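Q: Submitted below is the structure of interest, expressed as structure tokens.
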Amino acid sequence: MSQSGSIETRDAVAGETGRLTPISWIAAAVAIGFAIPFIFSTLLEMERGVYLVPYVIFIGTFMTVFLRASGATWSVFTNRWLLGIAGAALFGYYVVLNVVGQPGSASPSGPDLVWALIWFGLIYGLVDALFLNVFPVLCVRAVHCAEASWSESVLRGATAIAASAVVTGAYHLGYAEFRGIGLIAPIFGNTLLTLSFVLTRSPLAPIGAHIAMHLAGVLHGMESVVQLPPHY
């Protein structure tokens, strides 16, 4: 296995992601990504803080199963960490600017603010990043050799970005607020964050940027910032 910045997988699963093909994993992500917001937000209209409980549980379970099946190691998150931090700063700056450019609303204070930053900023942002930005890249790269030509890398990256757009679109379609033209912004924003992973080869880039975006949303006002659904 390569030790230098590549996605590592066990030899036993080389050429496939566990027992499922990448297309099957993407299809599963589309299904679960749409179902969670559709059931718990659109149908049940759960308050945001309560809604995150099933979201974190189901998506966390999905990501755990995927990472184990793909054979990904911790080196996925530690390789090229300096590039990952640089990517998080660069792309995070852009998405935070987008947040603060939206109308503001009241934000919590005191202990409520601390809790909001942890729950809606750190945890919500982390789970979103893993599912919408990290998963598509790992899913595509898990079926390729560690060493790839430049053209293969470009094709792999483009495929990962396309997969991210599909999963992101399905997930946001589950919310009533993202129907029609409102779907464009989250797809564009998340494909941009996925691009940060492709360019830096470090998942720390989209994870850091996504968390920064959510933290900015909490401080700027959760009721008016589109990056923190659901809104009713």
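Only the coordinates and a few stated rules stand behind these numbers; no lab work does. Predicted model only: the values in this text are computed from it and were never measured. Reconstructed Cβ throughout: ideal geometry from the backbone, glycine too, with neighbour counts over all protein chains shown.
Q: How much mean residue ellipticity at 222 nm does the chain get from its helices, if each DSSP H run of length 4 or more adds -39500 (n - 2.57) and you divide by all residues, to the nearest 500 deg cm²/dmol?
A: So the calculated ellipticity at 222 nm is -19500 deg cm²/dmol.
Q: Next up: Please list 3J(HN,Hα) in residue order for segment 122-130, calculated via the Karplus relation 6.51 cos²θ - 1.76 cosθ + 1.60 where θ = phi - 60°; whole Hz, with x for glycine and proline.
A: Calculated HN-Hα couplings, in order: 6, 6, 4, x, 5, 5, 4, 5, 4 Hz.
Q: What's the longest piece of the chain with no exposed GluC sites (Glu not before Pro), counting a site as exposed if DSSP puts it in a loop and it has at most 15 other beta carbons within 10 Å?
A: That gives 48-146 as the longest site-free run.
Q: Residue farthest toward the positive end of the dipole of segment 11-220, with Cβ of Lys/Arg at +1 and Asp/Glu at -1: which of 121, 168, 21?
A: Of the candidates, 21 comes out farthest on the positive side.
Q: While we're on this one: Amide H neighbours of residue 73 under 5 Å, at least 5 residues apart or on other chains, H built in the peptide plane: list them.
A: It is 8, by chain and number.
Q: Right, next: What is the distance, in nm, between label points placed 7 Å from the Cα along the Cα-to-Cβ direction at residue 23 and at residue 150?
A: Each label point lies 7 Å from its Cα, and together they span 3.1 nm.
Q: For 74, 119, what ranking results if the residue with the fewest other Cβ atoms within 10 Å of its Cβ goes first?
A: The fewest-first ordering by Cβ neighbours comes to 74, 119.
Q: Note the full-extension length gain between residue 181 and residue 115 as 0.36 nm times their separation in residues minus their Cα-Cα distance, in nm to one decimal.
A: Length gained, residue 181 through residue 115: 20.5 nm.
Q: When 94, 51 are ordered from fewest to most other Cβ atoms inside 10 Å of their Cβ, what list results?
A: With the sparsest Cβ surroundings first, the list reads 94, 51.
Q: Modelled label-to-label distance, residue 75 and residue 89, 7 Å Cα→beta-carbon offset: nm?
A: Output for this residue pair reads 2.7 nm.
Q: Continuing with the same structure: Quick check for me: using +1 on Lys/Arg Cβ and -1 on Asp/Glu Cβ, what's the dipole size of the chain about its Cα centre, in debye to the nearest 20?
A: Dipole magnitude for the chain comes out near 340 debye.
Q: How do 141, 201 rank when sorted from fewest to most other Cβ atoms within 10 Å of their own Cβ?
A: Placing the least packed residue first, the sequence is 201, 141.
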